[in-house]
Amino acid sequence: MKPAPFQYVAAKSVDDAIALLSKYGADAKLIAGGQSLVPMMNFRLARPEWLIDINRIDGLAGITQQNGMLRIGSLTRYSELEASEAVQRGVPLLRQMLPHIAHEAIRNRGTIGGSICHADPAAEMPVAMLALDATFELRGPSGARRVAADDFFLGQMTTGIEADEVLVAIKIPETKNDERHGFSEFARRRGDFALASAAVVLRFNGGMISDHVRIAVGGLSERAERARKAEALLAGKTLTPTLIEEAAHTASGEVQAGQDLHATEAYRRSLIATQVKQALAVAADRTSSTGAKK
Amino acid sequence: MSELKQHDVAFTVNGKAETLSVSPRTSLADALRDTLGLTGTHIGCEHGVCGACTVLLDGKPVRSCLLFAVQAEGAAITTIEGIGDAQSPHPLQRAFNECHGLHCGFCTPGMIVTLSAFLKEHPQPTSADVREAISGNLCMCTGYQNIVRSALRAAELIEGAKP
Ligand SMILES: Cc1cc2nc3c(=O)[nH]c(=O)nc-3n(C[C@H](O)[C@H](O)[C@H](O)COP(=O)(O)OP(=O)(O)OC[C@H]3O[C@@H](n4cnc5c(N)ncnc54)[C@H](O)[C@@H]3O)c2cc1C
Ligand code: FES
Ligand code: FES
């Protein structure tokens, strides 16, 4: 179907976009890659009267390294992240996750910021952001503020961003030497949204897991979330196959899981146990965990 | 809503400069087909899933149903018409013909546009690579086997044509 008629304006700067959002209020929507918004407009699930294009804003895309952090402009496309040396070296978990999102033609347009703001319950990006302890830089009429990924994803397509704010950048701590990570998902077909996905980051202290343990899951319910009981179970222990089994079982029991036409709740819980287990197994296998730098 | 504004947009299509006056909601796919008469770009689903509308935007495959024409200002667009024609077919077009890579042909433009960019980056693909490359393009007819064969054959043709 075709979208309902709308007016179009290309924002020249972030401030311009904020001014336009303030002016048109609830009638306006920002468009980044358009890979979620346009399908919704074509289905007439979204009918903005004004479309504010942020693709022409200079400096809103790009990846820079600063003080052990990677700063990724919100307009950076998945394909740019996939090709980035800085991402491969600095945040290998993100690199590992990216090919699971859709298909190349979608990744050539879709942006990291668009996925985070859209907050599809089955999207991979929010899961990775939670595991990586990312921080989001938002800007609105009253200035800039930062929100941690932990406080951002509130529900199905519902986030902590205000209607007149723009997500400007994402900050992710670079992977430490003593850190291991893994990502795993199950989707019906290649490129589909995940029925269950898991990302894990474990920091080690000597041979033991430190208290920096982050296990994030998605695709199960209205939003991505962390499996905090499973995290607590791992902290301070040695990562053995038995412990991995236990953590996967705990995670599967504690997180929200829903039922829809794609899968029953029981099936989703069974899937997520497997995904957490596989993600932890990847983390346990030093050689396949590219995060452990030589 | 106030009066809807038309927008002038300038881009190149298959190397030729075009200036169009479009309504904001006109997709690039519709502009190519209806305004420019380039009906090789097919429209299947209009939500990004089928891949029939794939064109190259500055050399990269994108869905022309998910891009508004007004957004393509300044871009270089390549459609199936720019990939090759009956007189001088692209190796992919020759291979699809040779290996029966199409039945009804609805998915074919999207397949070939997608594969043209893929073969540039992966001149010697395995059949698994090809399957991954066309994972975002749906075909209702062929069962994909002959499309994969066509892509591999095209890679051979391109390799063989090298000096
Ligand atoms: C066929 C198909 C398959 C897909 N498969 C997957 C998949 O497997 N996994 C997956 O995760 N995704 C998938 N997607 C969705 C894709 O990842 C989208 O690119 C992404 O969800 C949205 O990013 P975008 O840049 O396209 O945002 P847009 O569609 O442009 O915008 C999405 C929303 O975010 C808002 N927004 C965008 N940028 C900002 C900003 N900087 N500040 C504030 N608000 C902003 C917009 O107003 C809009 O509400 C798929 C899409 C398609 C078409
Ligand atoms: S018509 Fe664009 S992907 Fe189906
Ligand atoms: S040949 Fe008919 S859809 Fe592919």
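The values are calculated or read from the model by the stated rules, or taken from the named source; none is laboratory data. Given the structure is predicted, the values throughout are model-derived calculations rather than measurements. Positions of Cβ are generated from backbone atoms using ideal geometry, with glycine treated the same way; all protein chains shown enter the neighbour counts.
Points to keep in mind about this one:
- When the range A:208-254 is filtered for residues that are at positive phi and under 17 Å from the mean Cα position of the chain (by Cα), only A:Gly219 remains.
- Meets criteria (touching a residue at least 24 places away in the same chain (Cβ under 8 Å), within 16 Å of ligand 2 (Cβ to nearest atom), within 11 Å of chain A (Cβ to nearest Cβ) and small (Gly, Ala, Ser)) for B:Ala133: no
- Some residue of the range A:33-48 being more than 14 Å from chain B (Cβ to nearest Cβ) and away from ligand 3 (no atom under 16 Å from the Cβ): no
- Index of the failed condition, A:Ala149 passing every other in (1) within 21 Å of the chain's Cα centre (by Cα); (2) surrounded by fewer than 20 Cβ atoms within 10 Å (Cβ to Cβ): (2)
- Looking only at residues of the range A:8-32 that are within 13 Å of chain B (Cβ to nearest Cβ) and charged (D, E, K, R), we find that the one that is farthest from ligand 1 (Cβ to nearest atom) is A:Lys23.
- Candidates A:Glu85, A:Glu137, A:Glu104, A:Glu124 - the one that is more than 16 Å from ligand 3 (Cβ to nearest atom), crowded, with 20+ Cβ neighbours inside 10 Å, more than 14 Å from chain B (Cβ to nearest Cβ) and not β-branched (Val, Ile, Thr): A:Glu124
- Residues that are surrounded by fewer than 18 Cβ atoms within 10 Å (Cβ to Cβ), within 13 Å of ligand 2 (Cβ to nearest atom) and farther than 21 Å from A:Phe43 by Cα within the range B:32-45 are absent altogether.
- From the options B:Gly51, B:Gly37, B:Gly44, B:Gly15, residue that is within 9 Å of another protein chain (Cβ to nearest Cβ) and farther than 25 Å from A:Val9 by Cβ: B:Gly51
- Listed by position, the strands (runs of 3 or more DSSP E) enclosed by the range B:1-82 that each have at least 1 residues that are farther than 21 Å from A:His103 by Cβ are B:7-13, B:16-22, B:76-78.
- Restricting the range B:72-92 to residues that are among the polar types (S, T, N, Q) and surrounded by fewer than 24 Cβ atoms within 10 Å (Cβ to Cβ), the residue that is farthest from the other protein chains (Cβ to nearest Cβ): B:Gln87
Matching residues to (1) without any contact (Cβ under 8 Å) to a residue 24 or more places away in the chain; (2) touching a Cys at 6+ places or on another chain (Cβ under 9 Å):
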position: B:Thr12; (1), (2): no, no
position: B:Leu20; (1), (2): no, no
position: B:Ser27; (1), (2): no, yes
position: B:Asp30; (1), (2): no, yes
position: B:Leu36; (1), (2): yes, no
position: B:Thr39; (1), (2): yes, no
position: B:Cys45; (1), (2): yes, yes
position: B:Val49; (1), (2): no, no
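- Residues satisfying the criterion are present in the range A:55-78 (criterion: part of a helix (DSSP H, G or I), assigned by TED's automatic domain parsing to the domain that holds A:His118 and buried (at least 20 other Cβ atoms within 10 Å of the Cβ)).
- Of the residues making up the range B:51-68, those that are away from ligand 1 (no atom under 16 Å from the Cβ) and in contact (Cβ under 8 Å) with a residue 24 or more places away in the chain are B:Leu56, B:Gly59.
- Selected residue (criterion: surrounded by the most Cβ atoms within 10 Å (Cβ to Cβ)) from residues of the range B:46-69 that are within 8 Å of the chain's Cα centre (by Cα) and within 16 Å of ligand 3 (Cβ to nearest atom): B:Thr54
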